[in-house]
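Heads up, the thing below is written out as structure tokens.
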Amino acid sequence: TFPTFEPAYRRVLTELRDQPAHSTWTRGKAAVEITNVSFTIADPRARTPYIAARKANIIFNHAEALWYLTGRDDLEMIAHYAPTLRKFSADGYTLTGTAYGPRLFTTGGADGRSQFDRVLALLRSDADSKRAAMIIMRPDELVDPANPDVACTLGLQFMLRRDRLHMSAYMRGNDAVVGMLGDIFAFTFIQEFAARLLGVEVGTYSHHVGSMHLNMEDREKVDAILAEPPRPTFRPVAMPPVTMAILSEVAHWEERLRANSCAFGADDGKGMHPYWRQVVALFEVHRQITQDGSLTPEKLDLLRPGHRWLIEQRWPSQQP
Ligand code: 5HM
């Protein structure tokens, strides 16, 4: 068990670099691997490592969480924040395996509900349930051997114990440098969102991975990450109580900012809780970086210090 994600991230990267169990070569990539890796994070809100050399994209992290929670599978939204995802799309418009949103949040099936709706309803009626599991990878994903995008996550499970909502994620494979950072951000965000919907405290987050690996192409980045001493970190901010409606409101802003059809300023979105205004402010910062090419001090002032620090590390030459 680790108090926050950052020491877990450093520990996994250190072990993979210094004591890997296997060397693998599959689908054109050389990697080192440790099998059957599990760890727990005591405070899943502390989901962001503050490591300059990682150059994490905190805007993409929020976009991906929103993309999942709103049940989307389109490249149009997600590739706007991470263009490299285009190469995983078989049809040029959608993602299949990587798009966990439709599998978790799209309503349908015999009862017209999503997996997420069902497990939340279950926990409301049977708090101690062991059945609150949502399945992601599908049996038919290996039918086409050339499928470029097979889900890496097998499933997510909630366990509500003593009014705290714990989550376990089960993954067949996880890229420790890039994939794990995004996956743990998104899964713990979904966990906190679910806890807020249920009106309970956030519990622990546990990550279980069959093949934890480090691709050889990322080795130098890992050396740079591990050479950086841990710094005093920024305190995590708690999500306020939510309804599903807040997602539409944030998504509406995201869509317009992505299209560059409006801007978001200090006087906008006053009806929204500061937590969600902060998320919209990140999308505004992205709009400025991509459309205007540089950031203004007024926009950076909208960001809380941790987010601002991450943006400075990722886009140093776009700073005012
Ligand atoms: O050969 P394979 O299908 O496993 O290649 C996909 C790789 O993408 C995974 O092994 C993993 O390294 C990475 N990945 C990840 O870490 C992919 C996804 C998309 O589902 C993810 N995390 N969420």
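None of the figures in this text is laboratory data; all of them are computed from the coordinates on show. Remember, predicted model here, so these are calculated numbers, not experimental data. Neighbour counts are summed over all protein chains in view; Cβ atoms, including those assigned to glycine, are modelled from backbone coordinates with ideal geometry.
In table form, for the structure just shown:
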{"item": "Partners for LYS55 among aspartates and glutamates (Cα-Cα distance below 15 Å; same-chain residues under 8 apart left out)", "result": "GLU6, ASP218, GLU220, ASP223, GLU228, GLU312"}
{"item": "Candidate lysines - alpha carbon under 18 Å from LYS87, same-chain residues fewer than 8 apart omitted", "result": "LYS29"}
{"item": "Test item: Cα-centred dipole of the range 1-158, Lys/Arg +1 and Asp/Glu -1 on Cβ, debye", "result": "380"}
{"item": "Residues of the range 182-223 with amide N under 20 Å of the 7 Å Cα→Cβ point at THR290", "result": "182-183, 186"}
{"item": "Percent of C-alpha pairs per 10 Å bin, the range 177-250, short to long", "result": "14, 34, 31, 18, 3"}
{"item": "Interatomic Cα distance distribution for the chain, bins of 20 angstrom, percent", "result": "31, 62, 8"}
{"item": "Residue of ALA110, ALA79, ALA238 that the Gaussian network model of the chain assigns the largest fluctuation, springs spanning Cα pairs under 10 Å", "result": "ALA110"}
{"item": "Under 5 Å, built H, 5+ apart or other chain: amide partners of PHE39", "result": "HIS207"}
{"item": "Stretchable slack from LYS130 to ASN147, in nm (0.36 nm times residue separation minus alpha-carbon distance)", "result": "2.8 nm"}
{"item": "Most positive-pole-ward Cα, GLN191, THR26, GLN288, against dipole of the chain from beta carbon charges", "result": "GLN191"}
{"item": "Straight-distance crosslink candidates among lysines, where the alpha carbon sits under 28 Å from LYS270 and sequence neighbours closer than 8 are dropped", "result": "LYS299"}
{"item": "Two-site label geometry, ALA90 and THR14: point separation in nm, points 7 Å out along Cα→Cβ", "result": "4.2"}
{"item": "Antiparallel bridges, percent of DSSP beta bridges restricted to the chain (to nearest 5)", "result": "70"}
{"item": "Rough spin-label spacing in nm, given labels placed 7 Å along Cα→Cβ, for ARG172 and ALA227", "result": "3.7"}
{"item": "Global form of the range 64-131, assessed from the alpha-carbon gyration tensor, a/c cut-off 1.5", "result": "prolate"}
{"item": "FRET efficiency, 1/(1 + (r/R0)^6) with R0 30 Å, evaluated for ALA79 and ALA52 via beta carbons", "result": "0.70"}
{"item": "Viscosity 1.306 mPa s, temperature 10 °C, Stokes-Einstein D of the range 179-313 from Kirkwood C-alpha radius, µm²/s", "result": "91"}
{"item": "Sequence ranges 21-27, 207-213, 163-169, ranked by mean other-Cβ count within 10 angstrom, highest first", "result": "207-213, 163-169, 21-27"}
